[in-house]
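Take a look at the structure below.
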Amino acid sequence: MTHRVTVKVAGLQPVQILAALAGIAFIVFGVVGFTRTGVGDWSTHSFVLGFSVNPFHNLVHVVVGVLGLLMALGSGTARLYGWLLFLGYGAIFVWGLMITGVLAQNPASQFGNPLALNTNDNWLHLGLAIFGLLLAVVPARRRLIEEEEEPVLPEQRSSEFRDAHEVRDEKLHDGQTREHRIEEMDPTVGHREPITNEQATVDPKTDRVSQDKIKH
């Protein structure tokens, strides 16, 4: 008896749990931000734990949170969510450095500061980008599954051998039966009387006479 060992992903993955927790945290932070800024005036900004927010910033947090909960349903999508956090908040971090004057040039200055970013937001977004990267590369939890394979018994092999011979015999029998039926329908096909030398004619194309048809 042989054993086959396979490696499979074991149930709920840590990356799914982390993605779900991150989604809940984003939603909570966005809802708390709405309680400070309201939803009527989108130009209003306030502070939550020292981080500057406005209604648009709060909406982004809620959308990112809902996306995290949905993508946490699968291990592959949860890792993709981590890559999205890394790329998205990494870009916002660089943009925030430009807005707050840490970087001299700001190619997106015409857009102003729609998220009401400040220095504290920049460091928060850097931390979120790093968290997204860790989320994307966290190892999966796997387990080894050992499966037993039953050997083929000699009786089974002999039966398979007999079945193959029976199929071949049936094919031969069917072929002979078809030939017999053709001979019954047209007797000249299966049996032809030999001819004498006087009856033999020469083939004008080959100038030969079929020797096996001449009766000696």
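Brief remarks on what is shown
- Taking every protein chain into account, the accessible area of the range 59-110 amounts to 54 square angstrom per residue (probe 1.4 Å).
- Using θ = phi - 60° and Karplus 6.51 cos²θ - 1.76 cosθ + 1.60, couplings along the range 34-42 (whole Hz; Gly, Pro as x): 5, 5, 8, 9, x, 10, x, 9, 7
- Of all accessible heavy-atom area on the range 1-123, the percent that carbon and sulfur account for (1.4 Å): 73
The values are calculated or read from the model by the stated rules, or taken from the named source; none is laboratory data. Not measured: the values here are computed from a predicted model. The accessibility values were calculated without ligands, DNA or RNA, using every heavy atom of the protein model including side chains. Shrake-Rupley method; radii C 1.70, N 1.55, O 1.52, S 1.80 Å.
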